[in-house]
Amino acid sequence: ISFEELNEYYSKLQKEYFGGSVSFHEYAKFEWSRIPHFYRAFYVYKYATGFISAVTIAKNIEEFGTEYVENHYLKFLSSGSSADPVTLLKLANVDISSDEPYKKAFEYYEELIKLLND
């Protein structure tokens, strides 16, 4: 696939997405090349796992309060970059390799959807 093909496809998507409400500069077709989501391995994956982890941490703080913060969250925060992310998240009592964080995140997402529908 060439950059010309990517320019063409991206321009088509922009026009489909925005319809006639936006006029595009001739260089807008190159926008795809500055968006790392399209070409950096695991870039979007980091957003998803980060969101899932953050929701789990927030839910743990809501559920367990100060005890969780003192025994898990502060250890996680103070660990810096001392280990890989999966290991560090376990300090916050988040096992990203298990189903639990994903369940909590989807439950939270469902709560948000219900709020929108009310």
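Of the conditions (1) under 18 Å from the mean Cα position of the chain (by Cα); (2) among the basic types (Lys, Arg); (3) closer than 30 Å to TYR9 by Cβ, LYS103 fails just one. Which one is it?
(3)
Just for helices (runs of 4 or more DSSP H) wholly inside segment 12-118: which have at least 3 residues that are closer than 30 Å to ILE1 by Cα and free of Cβ contacts under 8 Å to residues at least 24 places away in the same chain?
The helices (runs of 4 or more DSSP H) meeting that bar are 43-68.
Provide a single number: the residues in segment 3-42 that are of a type in the set (Ser, Thr, Tyr) and open to solvent by 70 Å² or more (accessible area, probe 1.4 Å).
Selection size over segment 3-42: 6.
Is segment 44-62 home to any residue that is at pLDDT 95 or above and acidic (Asp, Glu)?
Yes, because at least one residue in segment 44-62 is at pLDDT 95 or above and acidic (Asp, Glu).
The values are calculated or read from the model by the stated rules, or taken from the named source; none is laboratory data. Predicted model, so just to flag it, every value in this text is computed and none were measured. So basically every Cβ, Gly included, is an ideal-geometry build from the backbone, and we count neighbours across all protein chains shown. Protein only, heavy atoms only, side chains kept; ligands, DNA and RNA dropped before computing areas. Shrake-Rupley method; radii C 1.70, N 1.55, O 1.52, S 1.80 Å.
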